[in-house]
């Protein structure tokens, strides 16, 4: 679960790339096929974009997913974990919507199993 600080940080990164491209929230929300207000809330860290929308964002700006989601400072000291996450973000770019939905479901199931639910 992402905390408020993490959501705000992601939103700031979304905004940074949008502004660097000289785009409005309306233009980017049209590319992502979401409501302009919802996108604005995502930039402010109030709402979360789906993995599918984040991947679309990253594909549009030709950046890896971990440029947006970043890894906690505690994980930056683990080069193996960072390499896995980087590799995973590159693999996700080529996934279909259906494949992404399956991956999300599998990860959620793994999390439930870890917590013994």
Any residue that is without any contact (Cβ under 8 Å) to a residue 24 or more places away in the chain, surrounded by 14 or more Cβ atoms within 10 Å (Cβ to Cβ) and within 26 Å of residue 86 (Cα to Cα) - is there at least one of those in region 55-64? no
Looking only at region 84-106, and only at residues there that are in a loop (DSSP other than H, G, I, E, B) and surrounded by 11 or more Cβ atoms within 10 Å (Cβ to Cβ), the one that is modelled with the highest pLDDT: 95
Quick check on my filter: what residues within region 84-100 are farther than 17 Å from residue 67 by Cβ and in contact with a helix residue (DSSP H, G or I) (Cβ under 8 Å, 6 or more places away or on another chain)? 95, 97, 100
Return yes when residue 6 is at pLDDT below 95 and part of a helix (DSSP H, G or I) and no when it is not. yes
Residues of region 67-83 that turn out to be at pLDDT below 85, assigned to a helix (DSSP H, G or I) and either within 16 Å of the chain's Cα centre (by Cα) or surrounded by fewer than 10 Cβ atoms within 10 Å (Cβ to Cβ) (or both), as a count: 5
Looking at this structure, is residue 22 in a loop (DSSP other than H, G, I, E, B) and surrounded by fewer than 11 Cβ atoms within 10 Å (Cβ to Cβ)? yes
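The values are calculated or read from the model by the stated rules, or taken from the named source; none is laboratory data. Values in this document were obtained by computation on a predicted structure and should not be read as measured data. Note that each Cβ is placed from the backbone with ideal geometry, even for glycine, and that neighbours are counted across all protein chains shown.
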